[in-house]
């Protein structure tokens, strides 16, 4: 069950359900931290057989929204752009992509 409130604070009309909710465990799901986002970015790149050096990864992580969807879109676009420009992902190519994504948002 996912909700904005923990199960024990959910309003319910059924006493049986309320009792079960109070007895259940809850955990908070937080946004991914820097390490998790970097790992996700590396896995996205590896799935497309791309090599993103440390500086390119840092550019993407520091200038794009910190969501998995934004990183996935960026890697897909970088892949297409790299194929169109000879296969190498450069700093300038990455900066162009970041600027393009900012214009779209």
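Based on the Cβ-Cβ distance from residue 49 to residue 100, what FRET efficiency comes out when R0 is 25 Å, to the nearest 0.05? The calculated FRET efficiency here is 0.65. Put the Cα centre of region 73-105 next to the Cα centre of region 1-59 and the gap is 28 Å.
The numbers here are math on the coordinates, done by the rules we state, and not lab data. All of these numbers come straight from a predicted model, not from anything done at the bench. Heads up, the Cβs are rebuilt from the backbone with ideal geometry, glycines too, and the neighbour counts pull from every protein chain shown.
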